[in-house]
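Asks: Can you read through this structure? Questions will come right after.
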Amino acid sequence: MIDVLTNALATKDIVLSDTQKQQFQKYYELLIEWNNKMNLTAITEENEVAIKHFYDSITLLMFVDVPCGAKVIDVGTGAGFPGIPLKIVRPDIKLTLLDSLNKRLIFLNEVCNSLGIDAEIIHKRAEEGGRDKKLRDKFDIATSRAVANMNTLSEYCVPYVKVGGKFVAMKGKNGVAEFEKGIGAVKILGGEKENVAEFSLPSGDERTIIVINKKSPTPKEFPRQSGKIKNKPLGII
């Protein structure tokens, strides 16, 4: 697994240290161990985890200039993707992992402790965190992977981002179409398109990364309650 990950990243000029290789190996072992107790991932084969979870998470660094010491929040982090792989490769970032399911946070605590990485782990629903004064407008980058469609995801994530920061949505092969449907929501929330890039993983799986610049403060009425976000997606007439 580590050779597959190392070789794939090397093609993008990302070189893992021995410590980072050990961290990814331990992360994989914990993921499989805990997946037997709870539903963390349907992808469990070593090389598939290496590419479809670890490498995929790290692709954010290939499309976004992440400043040294940047404050990054992974919204709806689940099993820790993309946040933990990003933190392994870029230990300088200040990482926050947010999820609504407490048992996943117990897993993430164990991962961070076992890997020796520092992250703030928060038990909140995304829309609750976006209204929390301690979290709203506080991050250089908010990111999320495979959580919701772009209209909904923007309302969950953009409120966390400070003006001048970025919201990075990590999407599959239909990401461009999602972005086109979600651009209205992005604008209402204070965002503006920086880049929408389509690419393929070494496995051939298609991906899209959507980078939004936060140009102005998100209006105070957003994010709305969860039911309204889902039932009346922002920006759709």
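The values are calculated or read from the model by the stated rules, or taken from the named source; none is laboratory data. As the structure is a computational prediction, the values presented were derived from the model and not from experiment. Ideal geometry is used to build each Cβ from the backbone, glycine not excepted, and the neighbour counts take in all protein chains shown. Ligands, DNA and RNA are excluded from the accessible area calculation, which covers all protein heavy atoms including side chains. Shrake-Rupley method; radii C 1.70, N 1.55, O 1.52, S 1.80 Å.
Asks: Which condition breaks for Phe139 when tested against (1) crowded, with 20+ Cβ neighbours inside 10 Å; (2) modelled with pLDDT under 95?
Replies: (2)
Asks: Go through (1) buried (at least 22 other Cβ atoms within 10 Å of the Cβ); (2) free of Cβ contacts under 8 Å to residues at least 40 places away in the same chain; (3) out of contact with any helix residue (DSSP H, G or I) (no Cβ under 7 Å at 6 or more places or on another chain) one by one and return the number of the condition Val161 breaks.
Replies: (2)
Asks: Please work out which one of (1) open to solvent by 10 Å² or more (accessible area, probe 1.4 Å); (2) modelled with pLDDT of 95 or more is the condition Asn149 fails and give its number.
Replies: The single condition Asn149 does not satisfy is (2).
Asks: Can you report the number of residues in segment 172-195 which are within 21 Å of Lys52 (Cα to Cα) and either open to solvent by 50 Å² or more (accessible area, probe 1.4 Å) or touching a Lys or Arg at 6+ places or on another chain (Cβ under 7 Å) (or both)? I'd like the intermediate steps shown before the answer.
Replies: Initially, segment 172-195 is screened for residues within 21 Å of Lys52 (Cα to Cα), giving 172-176, 178.
Checking the rest, the ones that are also either open to solvent by 50 Å² or more (accessible area, probe 1.4 Å) or touching a Lys or Arg at 6+ places or on another chain (Cβ under 7 Å) (or both) come to 172-174, 178.
Residues meeting the conditions: 4.
Asks: Can you tell me which of Lys187, Lys166 is in a strand (DSSP E or B) and over 16 Å from Thr77 (Cβ atoms)?
Replies: Numbers: Lys187 fails: in a strand (DSSP E or B).
Going through Lys187, Lys166 in turn, just one is in a strand (DSSP E or B) and over 16 Å from Thr77 (Cβ atoms): Lys166.
Asks: Something else: Name the residue, out of Leu108, Leu98, that is of a type in the set (A, V, I, L, M) and assigned to a strand (DSSP E or B). Walk me through it before giving the result.
Replies: Numbers: Leu108 fails: assigned to a strand (DSSP E or B).
The conditions single out Leu98.
Asks: Here's a follow-up. State whether one or more residues within segment 69-84 are over 25 Å from Arg207 (Cα atoms) and either modelled with pLDDT under 95 or crowded, with 22+ Cβ neighbours inside 10 Å (or both).
Replies: No; the residues of segment 69-84 include none that is over 25 Å from Arg207 (Cα atoms) and either modelled with pLDDT under 95 or crowded, with 22+ Cβ neighbours inside 10 Å (or both).
Asks: Does Asp56 fit the bill of being part of a strand (DSSP E or B), open to solvent by less than 60 Å² (accessible area, probe 1.4 Å) and in contact with a Pro (Cβ under 9 Å, 6 or more places away or on another chain)?
Replies: no
Asks: Taking only segment 111-134 into account, find how many residues are touching a Cys at 6+ places or on another chain (Cβ under 9 Å), crowded, with 20+ Cβ neighbours inside 10 Å and of a type outside the set (A, V, I, L, M, F, W, C).
Replies: So the count comes out to 1.
This table checks each residue for (1) modelled with pLDDT under 95; (2) closer than 20 Å to Cys112 by Cβ.
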{"site": "Leu5", "(1), (2)": "no, yes"}
{"site": "Leu16", "(1), (2)": "no, yes"}
{"site": "Gln25", "(1), (2)": "no, yes"}
{"site": "Leu40", "(1), (2)": "yes, yes"}
{"site": "Ile43", "(1), (2)": "yes, no"}
{"site": "Glu46", "(1), (2)": "no, no"}
{"site": "Val49", "(1), (2)": "no, yes"}
{"site": "Leu61", "(1), (2)": "no, yes"}
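Asks: Tally time: how many residues in segment 208-229 are surrounded by 17 or more Cβ atoms within 10 Å (Cβ to Cβ) and either assigned to a helix (DSSP H, G or I) or touching an Asp or Glu at 6+ places or on another chain (Cβ under 7 Å) (or both)?
Replies: So the count comes out to 7.
Asks: Would segment 15-28 turn up any residue that is assigned to a helix (DSSP H, G or I), open to solvent by 90 Å² or more (accessible area, probe 1.4 Å) and on the phi < 0 side of the Ramachandran plot?
Replies: Checked against the condition, which is being assigned to a helix (DSSP H, G or I), open to solvent by 90 Å² or more (accessible area, probe 1.4 Å) and on the phi < 0 side of the Ramachandran plot, segment 15-28 yields at least one hit.
Asks: Go through segment 66-78 and count every residue that is within 21 Å of Ser154 (Cα to Cα) and assigned to a loop (DSSP other than H, G, I, E, B).
Replies: The total comes to 5.
Asks: Go through (1) open to solvent by 20 Å² or more (accessible area, probe 1.4 Å); (2) in contact with a Phe, Trp or Tyr (Cβ under 7 Å, 6 or more places away or on another chain); (3) closer than 24 Å to Glu155 by Cα and name the single condition Phe63 misses.
Replies: The one condition Phe63 does not meet is (2).
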